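Take a look at the structure below.
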Amino acid sequence: MDWLTQRQAVISKNIANSDTLNYVPLDLKDNHFKSLVSRSAPVMAQKSSHEGHLSSSPLKGDQARAGKAKDIYETAPAGNAVILEEQMIKMSQTQLDYQGMVRLYKKHQEMFKMVLKGP
């Protein structure tokens, strides 16, 4: 949760400096939570129990394909590289992640209270 709070502060700073000359937006490095979980959890292969089930093979033919993420962002004539829409999306995602963590923490506390109360 601390990482999310720090990221929110960095994004707010980016938005506040959206009109500053030659300002380059900042962001925190990813916390690599997925890699920590993947190292601790055993890997299980997918297996279909019926031939009619969807396969886990890559998409073929005219099915949807993933596009490459945008690497180069636009820069204003004044040298400012802050894109407000992008920053607002990052801010919204950070808020959603934080709210999810708060709900998870609250459920965790409720489970402890339930155990301590007993039947």
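The values are calculated or read from the model by the stated rules, or taken from the named source; none is laboratory data. Note that the structure is predicted; figures quoted are calculated from it, not measured. Cβ coordinates were reconstructed from backbone atoms using ideal geometry, including for glycine residues, and neighbour counts include every protein chain displayed.
Here are a few things to note about the model shown:
- Selection from segment 70-118 of residues that are hydrophobic (A, V, I, L, M, F, W, C), in a helix (DSSP H, G or I) and under 15 Å from Asn17 (Cβ atoms): Leu84, Met88, Met91
- Exclusive hit being at pLDDT 65 or above and touching a Lys or Arg at 6+ places or on another chain (Cβ under 7 Å), set Leu28, Leu59: Leu28
- The residues of segment 1-19 that are at pLDDT below 90 and over 19 Å from the mean Cα position of the chain (by Cα), listed by number, are Ser18, Asp19.
- Contact map, segment 97-109: residues that are within 19 Å of Gln8 (Cα to Cα) paired with residues that are of a type in the set (A, V, I, L, M, F, W, C), Cβ distance under 6 Å, separation 6+ or inter-chain. Pairs shown: Asp97/Leu4; Tyr98/Leu4; Met101/Met1.
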